[in-house]
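S.K.: Quick one: structure below, then a few questions.
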Amino acid sequence: MEAAVIDAGSKFLKAGTAVPDQAPPMIFPTQMKRLVEDGSSGDNAVFEDVVVDPVCRGFIRDWDAMEDLMQYVLYTGLEWEEGNEGQVLFTDPLYTPKSVREQLVQLMFETFNVSGFYASEQAVLSLYAVGRISGCTVDIGHGKIDIAPVIEGAVQHIASRRFEIGGIDLTKLLAQELVKSNPSVNLNVFDAEIIKEKYACCAEDEVAYEKTQQSSETEEHTLPDGQVIKIGRERYAVGEALFQPYILGLEEYGIVEQLVRTISTVSSDNHRQLLENTVLCGGITAMPGFEDRFQKEANLCSSSIRPSLVKAPEYMPAELAQYSAWVGGAILAKVVFPQNQHVTKGDYDEAGPSVVHRKCF
């Protein structure tokens, strides 16, 4: 039985057996609905749907909901049989707390009786997906942005940076801008997310962005409830906020300058290797114009060594940036499990959950 690879993001969960040159067979929203009793008793009890987010800003927060998700993924999606469970590799976000890692390995062995477990950091895995062991990942997720230098397969944690903003904050920004231009329209975050995915794009540079703000060109989009909303210059705010964070009300440097400043804290001997092997991760990086804008900003940055983006190999699946950590996990699973580098049931029974820190790097 091939090992299962699971990448549980704040927005989507990616899962499937370890086939490195394919997209994950399961990609579905991490957010889920749960029936909750309203407090009434007896025959008068009323249940209502409550939306829960098992993963928030990259980290597992609701373990009951995560258990339900894993039950579905392993036994329904992967068709595991109870009593004959296989091995599983999880991707770890940057700065995953030790307690979360321990609780995850405990869940896997005690609740799901897996025969083997491994966890590896997303930055390392995303580099594996493009054939690198050293470089820097710029991961723009649903709930966070992680910039992580990786040298010889090891994340440089002291130099890494995390920002508690992500795709959801850009969605809310777009919703605010659209409501300003369409005051009579009722717009929720779910509808704004769909609009972002369909219309958001990135201006070529700051001058081009300013020109878009003067434009009166619009497109009409019909919302699920029949309302018609006009979309124009607002679509450019999503991408621009990453290069000019003041748009989000933040006093921060833009994404490229943050990358350069992150690398500057690493030994200068590694600057070229890291900057010239920059990998973009996350669905938002697939926005039209984003890569070109990133590279243009990189060519104008203050660093003497300019960041350069690594392109995915042709044999890798399209839209790799959206699930590069999963693909890297599938590559790694082909190594760690056959070579017995993983946490076994015997390891877990002997040392307990803390064994994950000793065996998973």
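The values are calculated or read from the model by the stated rules, or taken from the named source; none is laboratory data. From a predicted model like this one, the values you see are computed outputs, not experimental measurements. FYI the Cβ positions are ideal-geometry reconstructions off the backbone, even for glycines, and counts take in every protein chain you see. Just so you know, the surface numbers come from the protein's heavy atoms only, side chains and all, with ligands and any DNA or RNA stripped out. Shrake-Rupley method; radii C 1.70, N 1.55, O 1.52, S 1.80 Å.
S.K.: Among what's in the stretch 79-93 and is out of contact with any Ser or Thr (no Cβ under 7 Å at 6 or more places or on another chain) and part of a loop (DSSP other than H, G, I, E, B), pick the residue that is surrounded by the most Cβ atoms within 10 Å (Cβ to Cβ).
M.R.: For the stretch 79-93, the residue satisfying everything is 93.
S.K.: Among the residues of the stretch 133-169, write down those that are outside any loop (DSSP other than H, G, I, E, B) and aliphatic (A, V, I, L, M). Give the steps one after another, and end with the answer.
M.R.: Step one: filter the stretch 133-169 for residues outside any loop (DSSP other than H, G, I, E, B), giving 135-140, 145-151, 154-155, 161-163, 167-169.
If the condition is that a residue be outside any loop (DSSP other than H, G, I, E, B) and aliphatic (A, V, I, L, M), then 138, 140, 145, 147, 148, 150, 151, 154, 155, 168 are the ones that fit.
S.K.: Additional query: Can you tell me which of 150, 124, 130 is of a type outside the set (S, T, N, Q), open to solvent by less than 20 Å² (accessible area, probe 1.4 Å) and under 30 Å from residue 349 (Cβ atoms)? Spell out the reasoning first.
M.R.: On the way: 150 fails: under 30 Å from residue 349 (Cβ atoms); 130 fails: under 30 Å from residue 349 (Cβ atoms).
Only one candidate qualifies: 124.
S.K.: Let me ask something else about it. All but one of (1) at pLDDT below 95; (2) part of a helix (DSSP H, G or I) hold for residue 35, so report the exception by its number.
M.R.: Of everything listed in (1) at pLDDT below 95; (2) part of a helix (DSSP H, G or I), residue 35 misses just condition (2).
Conditions (1) open to solvent by 30 Å² or more (accessible area, probe 1.4 Å); (2) assigned to a loop (DSSP other than H, G, I, E, B), marked per residue:
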{"position": "279", "(1), (2)": "no, no"}
{"position": "307", "(1), (2)": "no, yes"}
{"position": "311", "(1), (2)": "yes, yes"}
{"position": "327", "(1), (2)": "no, no"}
{"position": "361", "(1), (2)": "yes, yes"}
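S.K.: Do any residues in the stretch 99-115 that are on the phi > 0 side of the Ramachandran plot have Cβ atoms under 7 Å from those of residues that are open to solvent by 20 Å² or more (accessible area, probe 1.4 Å), where the two are at least six apart or on different chains, and which pairs are they?
M.R.: So the pair list comes out as 113/85.
S.K.: Across the stretch 169-189, what is the number of residues that are open to solvent by 20 Å² or more (accessible area, probe 1.4 Å), at pLDDT 95 or above and either over 23 Å from residue 215 (Cα atoms) or under 15 Å from the mean Cα position of the chain (by Cα) (or both)?
M.R.: Total meeting the criteria: 1.
S.K.: If a residue must be more than 30 Å from the chain's Cα centre (by Cα) and not in a helix (DSSP H, G or I), how many such residues does the stretch 210-219 contain?
M.R.: Number satisfying all stated conditions: 4.
S.K.: Please enumerate the residues belonging to the stretch 213-246 that are crowded, with 16+ Cβ neighbours inside 10 Å and either modelled with pLDDT under 95 or among the basic types (Lys, Arg) (or both).
M.R.: Once the filter is applied, which keeps residues that are crowded, with 16+ Cβ neighbours inside 10 Å and either modelled with pLDDT under 95 or among the basic types (Lys, Arg) (or both), the stretch 213-246 yields 233, 235.
S.K.: Residues of the stretch 267-277 being without any contact (Cβ under 8 Å) to a residue 24 or more places away in the chain and either in a loop (DSSP other than H, G, I, E, B) or of a type in the set (Asp, Glu) (or both), which ones?
M.R.: Keep residues of the stretch 267-277 that are without any contact (Cβ under 8 Å) to a residue 24 or more places away in the chain, which gives 267-269.
Within the stretch 267-277, 267, 269 meet the criteria.
S.K.: Quick check on residue 297: is it open to solvent by 20 Å² or more (accessible area, probe 1.4 Å) and not in a strand (DSSP E or B)?
M.R.: yes
S.K.: So, of the residues in the stretch 38-62 that are closer than 27 Å to residue 12 by Cα and part of a loop (DSSP other than H, G, I, E, B), which turns out to be modelled with the lowest pLDDT?
M.R.: Taking the stretch 38-62 as the starting set, the residues that turn out to be closer than 27 Å to residue 12 by Cα are 47-62.
Now drop any that are not part of a loop (DSSP other than H, G, I, E, B), which leaves 53-54, 57-58, 61-62.
Details: 53: 91, 54: 94, 57: 87, 58: 90, 61: 94, 62: 94.
Looking at residues that are closer than 27 Å to residue 12 by Cα and part of a loop (DSSP other than H, G, I, E, B), I get 57.
S.K.: Follow-up. Can you pull out the residues in the stretch 228-249 that are in a loop (DSSP other than H, G, I, E, B) and in contact with an Asp or Glu (Cβ under 9 Å, 6 or more places away or on another chain)?
M.R.: 232, 233, 234, 244
S.K.: Run down 141, 166, 116 and say which single residue is touching a His at 6+ places or on another chain (Cβ under 7 Å) and closer than 22 Å to residue 29 by Cα.
M.R.: Every option except 166 fails the conditions.
S.K.: Of all the residues that make up the stretch 146-169, how many are within 17 Å of residue 10 (Cβ to Cβ) and out of contact with any Leu (no Cβ under 8 Å at 6 or more places or on another chain)?
M.R.: Of the residues in that region, 5 qualify.
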